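A short write-up of the structure that comes next.
The values are calculated or read from the model by the stated rules, or taken from the named source; none is laboratory data. Keep in mind that this is a model prediction, so the values were computed, not measured. Backbone-built Cβ (ideal geometry, glycine too); neighbour counts: all protein chains shown. SASA here: full protein model, heavy atoms, side chains in, ligands and nucleic acids out. Shrake-Rupley method; radii C 1.70, N 1.55, O 1.52, S 1.80 Å.
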Amino acid sequence: AADTAARSPRHDAIFGYGAPPAGWGFGAFLRHVLPEDRPAVERSFRAAVEEGAEWRFECRIRRVGDGEARWIEARGQPVA
């Protein structure tokens, strides 16, 4: 699907999920990103998609459940 991301169980645990959430994609991810970090994350994502390049970034997220903020560093590859 257009807004779907493959990820590991460890990824879901970092975000505070005990089981894989349905419908995980960029929109679901972005809802976890702290508001002050969202513009940079969105810019870097758009650039990776436009260039067909690897997406590398770091930002702060808010975990589900306990609400804890965490720094993450990640990378991904957009695919059509």
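Residues are listed down the side, and each one gets a yes or a no for (1) among the basic types (Lys, Arg); (2) in a helix (DSSP H, G or I):
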{"residue": "ARG7", "(1), (2)": "yes, no"}
{"residue": "ASP12", "(1), (2)": "no, yes"}
{"residue": "GLY16", "(1), (2)": "no, no"}
{"residue": "PRO20", "(1), (2)": "no, no"}
{"residue": "GLU42", "(1), (2)": "no, yes"}
{"residue": "ILE61", "(1), (2)": "no, no"}
{"residue": "VAL64", "(1), (2)": "no, no"}
{"residue": "GLY67", "(1), (2)": "no, no"}
{"residue": "ARG70", "(1), (2)": "yes, no"}
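Screening the stretch 1-19 for residues that are over 15 Å from ARG70 (Cβ atoms) and not small (Gly, Ala, Ser) and picking the one that is most open to solvent (accessible area, probe 1.4 Å) gives PRO9.
Of the residues ALA28, ALA22, the single one that is on the phi < 0 side of the Ramachandran plot, out of contact with any strand residue (DSSP E or B) (no Cβ under 8 Å at 6 or more places or on another chain) and open to solvent by 40 Å² or more (accessible area, probe 1.4 Å) is ALA22. For the stretch 39-50, a tally of residues being open to solvent by 70 Å² or more (accessible area, probe 1.4 Å) and in contact (Cβ under 8 Å) with a residue 12 or more places away in the chain returns 1. Would you check if there is a residue in the stretch 63-77 being open to solvent by 50 Å² or more (accessible area, probe 1.4 Å) and under 14 Å from THR4 (Cβ atoms)? Looking through the stretch 63-77, at least one residue is open to solvent by 50 Å² or more (accessible area, probe 1.4 Å) and under 14 Å from THR4 (Cβ atoms).
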